[in-house]
Amino acid sequence: MKSSFFGFLLSVLLLSPSMVMAQCDDTTDCIEKGSWDLGIAFGYGQRTNPLKDYEDIPIYVLPTIAYYGDSWFFDNGAIGYTLTEQERFTVNLITGFSSDRAFFYRWDPSNIFLAGTSRGFREAELSGITSFATLDTIGELESRNFTYLGGIEAYVYNRFGTLRLALLHDLLNVHQGTEGQIKWNYHWGHKELSVDFAVFFDWKSQEVVNYYYGVRPSESAYWHEHYRTENGWNRGLELTARYSLTPAWELLMTARYTQLADTIAQSPLLDEDDSYAYLIGAAYRF
């Protein structure tokens, strides 16, 4: 058996580049090997956008589709292969979407099915900047292209929770950057109520930070010279609560807070140094 649908629900909401795995036991909801897992969650929520002149992303619907074989698996765009699965640990080769591009593009794969209206960068306004603009004004942004990450991840299980370690690299040669992830998750359940709490640290190499949050010469010659990127760590907290109504229906509340790395927060493209996301609603498994 493999990861739960509602465990992945959180990773979709939070735009994580990889799936959330959990050790299967009597307290977790798992997918049987050789079977499909289809479900949908809906309710009300949003993800705040720290970029200047970008609106927050409303969240109304989150679908899930997953399949697990003996070794290969597919989980909402993540394709992986289990190298070893033991009682106390699991090691996978894993792929997944980059999460940073989702701030820039409403219909980035990481934002699919986050229904509602959300304007992108106000290009019409920026294109009308005249000579009255100051030297440090940011002009129209160049494209931040889609990429796919791939690498290795390991899960370590013990009575204190689950520890995830991962190292992922740009597979499409878009920014040639690397991301590292450390996440500790603790699960608690009592009758119909289930609660998951997590602490995470996401490391992004200088190449990743510079590609998404650096300033190109066409955007601002001033900031291209004066803003220098470094590698850095995002860090934050997650909380998910579920209440089972029937075998198919659950009420849920999920939330995440992310404190952006200092090198990202200092980018002139941003006006906030953090981001949070939440969804309150219900979920149905087919």
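Accessible surface for F103 stands near 10 Å², nearest 10, in the context of the full protein assembly shown (1.4 Å probe). When I59, I182 are compared by accessible area of protein heavy atoms, the largest-first order is I182, I59, using a 1.4 Å probe.
Positive-end ranking of L163, N234, T263 along the dipole of segment 147-268, with charges on Cβ about the Cα centre, is headed by L163.
Within the shell of other residues whose beta carbon sits under 14 angstrom from the beta carbon of H169, the net charge comes to -3, with Lys and Arg scored +1 and Asp and Glu -1.
Computed from point charges on the beta carbon alone (+1 for Lys and Arg, -1 for Asp and Glu), the dipole magnitude for segment 179-286 about its Cα centre is near 480 Debye. I want the local charge near K183. Using Cβ-Cβ distances under 13 Å, sum +1 for each Lys or Arg and -1 for each Asp or Glu among the other residues. Once all neighbours under 13 Å are counted, the net charge is -2. The candidates E192, E250, arranged from most to least accessible area with a 1.4 Å probe in the full protein assembly, appear as E192, E250. Taking K and R as +1 and D and E as -1, what net charge do the other residues with C-beta under 10 Å from the C-beta of S205 add up to? Net of charged neighbours comes to -3. Looking at the square roots a ≥ b ≥ c of the eigenvalues of the Cα gyration tensor of segment 245-286, which shape do they give, rounded for a/c under 1.5, prolate if a/b is larger than b/c, or oblate? Since a/c reaches 1.5 and a/b is larger than b/c, the shape of segment 245-286 is classed as prolate. For segment 50-100 versus segment 197-211, the inter-centroid distance based on Cα atoms is 16 Å. Close amide H pairs (under 5 Å, H built 1.01 Å from N) link G177 with D170, residues at least 5 positions away or on another chain. Relative contact order of segment 33-101, taken over Cα pairs closer than 8 Å and 6 or more residues apart, is 24 percent. Couplings 3J(HN,Hα) of segment 268-285, computed from phi: x, 6, 10, 10, 9, 9, 8, 8, 9, 9, 7, 8, 10, x, 9, 9, 10, 9 Hz, in residue order, whole Hz [Karplus 6.51 cos²θ - 1.76 cosθ + 1.60, θ = phi - 60°; x for Gly and Pro].
Converting phi to 3J(HN,Hα) with the Karplus coefficients 6.51, -1.76 and 1.60 and the offset θ = phi - 60°, segment 38-47 yields 10, x, 8, 10, 8, x, 10, x, 7, 10 Hz in sequence order, with x at every glycine or proline.
The values are calculated or read from the model by the stated rules, or taken from the named source; none is laboratory data. This structure is a prediction, so every number in the text was calculated from the model and none was measured. Cβ sites come from the backbone with ideal geometry, for glycine too, and all protein chains shown count toward neighbours. The area values use the complete protein model at the heavy-atom level, side chains included, leaving out ligands, DNA and RNA. Shrake-Rupley method; radii C 1.70, N 1.55, O 1.52, S 1.80 Å.
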